[in-house]
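Taking it in order: structure first as structure tokens, then the write-up.
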Amino acid sequence: MDAGRDTLPAVEPDRDLDDWGRSARLAALLDRTVWDAAHKVWFRVELEGAARIPATGGALLVVNGGGALSPVAPMLAKAVREEHPRRRESRLAVDPALLAQPGLSVALARAGAVRAHEDDLARLLGDEGALVVHAVRTDRLHDDAAAADLGVHPALRAAARTGVPVVPVAAVGADDAQPVLARLPLPGGRRLPVTLAFPHLGPLALLAYLPARLRLRTLAPRTDHGPGDAERLALSVARRLRHEHADMTRERRSRWT
């Protein structure tokens, strides 16, 4: 027994990185500075129904208004951290293509983002009991054919596989922060968003958000699913988000006032 002890990794009481590459120091710094200012001043985030998010255990939060340049996912994570009764931490599920970019992959991992891979997310949701945020573009919820694509996403498949609650969160105002003027077709069926700042400003476009009021409304969690139910679950979540988003848009009346 004593001979094998030498082969075990040493205890690191001052270790800053977790198993996913998240830096506790960097995450805390971003939370006190960038995310705090964005949450309170720039986007003026309002979260309704935070208590509907489970107090313990894993859960997948699916929010509309996502996209490569959208602030909705980090703002939802910040709002949950500030307004949930247990002040829970969330992890952002990020497209693997984004994490493949040189330099950006390390920065996102240090900030707490995780690759949207089914096995990784299943471990986070099922084994580690974490909250995971997945943001989907609002225009992909407008019909059942588009919503069915959500059913093959690693986040939905991992949630169905582990049986954790899936919490839809409807959002209004995220698209106002960086309005998309057009989408240019790319090989492989992808589309490049063209905004007031992107692509001509390059990476600086990530900082070129307009002031906006971001309203988030948490809906009742879905718990009646299991392995193989990802597509049915996705259709249900997409319909609820689509209807709630329409109701919130009517309540808002004007995006300018």
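The values are calculated or read from the model by the stated rules, or taken from the named source; none is laboratory data. All figures in this text were calculated on a predicted structure; none of them were measured in a lab. Here the Cβ is made from the backbone with ideal geometry for all residues, glycine too, and neighbour counts use every protein chain on show. Please note that ligands, DNA and RNA were not included when accessible areas were found on the heavy atoms of the full protein model with its side chains. Shrake-Rupley method; radii C 1.70, N 1.55, O 1.52, S 1.80 Å.
Structure data summary
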| quantity | calculated |
| --- | --- |
| Qualifying residue in segment 64-87 (condition: more than 25 Å from P227 (Cβ to Cβ), of a type in the set (D, E) and in contact with a strand residue (DSSP E or B) (Cβ under 9 Å, 6 or more places away or on another chain)) | yes |
| Condition met for A122 (surrounded by 15 or more Cβ atoms within 10 Å (Cβ to Cβ), of a type in the set (A, V, I, L, M) and within 18 Å of L30 (Cα to Cα)) | no |
| Filter pass, A145 being under 18 Å from R240 (Cβ atoms), among the hydrophobic types (A, V, I, L, M, F, W, C) and free of Cβ contacts under 8 Å to residues at least 60 places away in the same chain | yes |
| Close pairs from segment 41-70: first buried (at least 23 other Cβ atoms within 10 Å of the Cβ), partner hydroxyl-bearing (S, T, Y) and part of a loop (DSSP other than H, G, I, E, B), Cβ under 9 Å, at least 6 apart | F43/Y209 |
| Answer residue from segment 206-243, given it is closer than 28 Å to K40 by Cα and free of Cβ contacts under 8 Å to residues at least 40 places away in the same chain and is least open to solvent (accessible area, probe 1.4 Å) among those | A208 |
| Neighbours by Cβ (under 7 Å, 6+ apart or cross-chain): first from segment 77-103, without any contact (Cβ under 8 Å) to a residue 24 or more places away in the chain; second open to solvent by 30 Å² or more (accessible area, probe 1.4 Å) and hydrophobic (A, V, I, L, M, F, W, C) | V94/L108; L99/L108 |
| Positions within segment 128-185 being farther than 30 Å from G57 by Cα and in a strand (DSSP E or B), in sequence order | V180, L181, A182, R183, L184, P185 |
